[in-house]
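Values in this text are rule-based calculations from the coordinates and carry no lab data. Because the structure is predicted, anything quoted here is derived from the model rather than measured. Positions of Cβ are backbone-derived with ideal geometry, glycine not excepted, and every protein chain shown enters the neighbour counts.
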Amino acid sequence: MKALITNAALTLLDDDLSNEVAKDVIDEGYGLVPEGYLFIEDGVISAVGAMSSMPEHLLSAAGITQIDAAGKLLTPVLSIVTRMLFMAAIARWNLSCV
């Protein structure tokens, strides 16, 4: 499965970005990109950045589900952090997943 989310405000949650200018980051503390895109391929984030730097072939490629997230905030890192915390809690308290 391939999905392209466009026109979203992104928070990259990285305060040590080495290429914030290339990604159009306006707030270095949160890595805020006011108008960005996120490309997911086979359940993995393949590309992320500003709409102005998005490869043209993503818009015209066949088989990509496109989602216009204008006016929405996208935080791709939070799902990873949430999963890590959840897995740590399972290990700590010997919980089982149902």
| message | Starting from 0.36 nm per residue, how many nanometres of slack lie between residue 68 and residue 1 once their C-alpha separation is accounted for? | response | 22.4 nm
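For every other residue with a beta carbon closer than 11 angstrom to the beta carbon of residue 3, add +1 if it is Lys or Arg and -1 if Asp or Glu, then tell me the sum. Before the final figure, lay out the partial values.
Numbers: positive: 2; negative: 41, 42.
So the surrounding residues net to -1.
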